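A.B. asks: Attaching a single structure in C-alpha cells format; questions to follow.
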Amino acid sequence: HDLFRRARDAPHAELVEQAPEAIFIADADCRYVEVNPAACALLGYARDALLGKRIVDIIPPSDMPRLHDVIARLRTPGAID
C-alpha cells in the first residue's frame, strides 16, 4: 500500500522507530499506517498485524467515547496546537 510505504520512507521514520514511547500513526480513516516497536510491545502485536487495522479494532469498548472526542478535536481546524 502506497500510504504504508510513504510513512516508512518519511524523514521522521528513524526517530519514530527508535522512540522509547509507543507511537501510532493513523490515516484519516483511523487505520494504522505506521507503528513503532514500542507500540507493538505495548499492545502485544507484531507490526504487520497492526498495520491496516482500525483504532476501534484495538481499543476496548470503554475507551470509545474518549476516542470519538479525540477524533473530533483532530478534525477541528485550529483545535490542536
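The values are calculated or read from the model by the stated rules, or taken from the named source; none is laboratory data. The structure displayed is predicted, hence computed values, not measured ones. Keep in mind that these areas ignore ligands, DNA and RNA; they rest on the heavy atoms of the full protein, side chains included. Shrake-Rupley method; radii C 1.70, N 1.55, O 1.52, S 1.80 Å.
A.B. asks: Can you work out the Karplus-derived ³J(HN,Hα) for every residue in region 41-52? Use 6.51 cos²θ - 1.76 cosθ + 1.60 with θ = phi - 60°, whole Hz, and x for glycine or proline.
C.D. replies: Here the 3J(HN,Hα) series is 5, 4, 8, x, 10, 6, 3, 4, 6, 8, 4, x Hz.
A.B. asks: Also, quick follow-up: Please list, ordered by chain and number, the residues whose modelled amide H lies under 5 Å from the amide H of residue 34; skip anything fewer than 5 residues away on the same chain.
C.D. replies: 25
A.B. asks: Subtracting the Cα-Cα distance from 0.36 nm times the residue separation, let me have the gained length for residue 14 to residue 47 in nm, one decimal.
C.D. replies: Gain on stretching residue 14 to residue 47: 10.4 nm.
A.B. asks: Which percent of the accessible heavy-atom area of region 19-60 goes to carbon and sulfur, probe 1.4 angstrom?
C.D. replies: Taking all protein chains in place, region 19-60 shows 56 percent carbon and sulfur surface.
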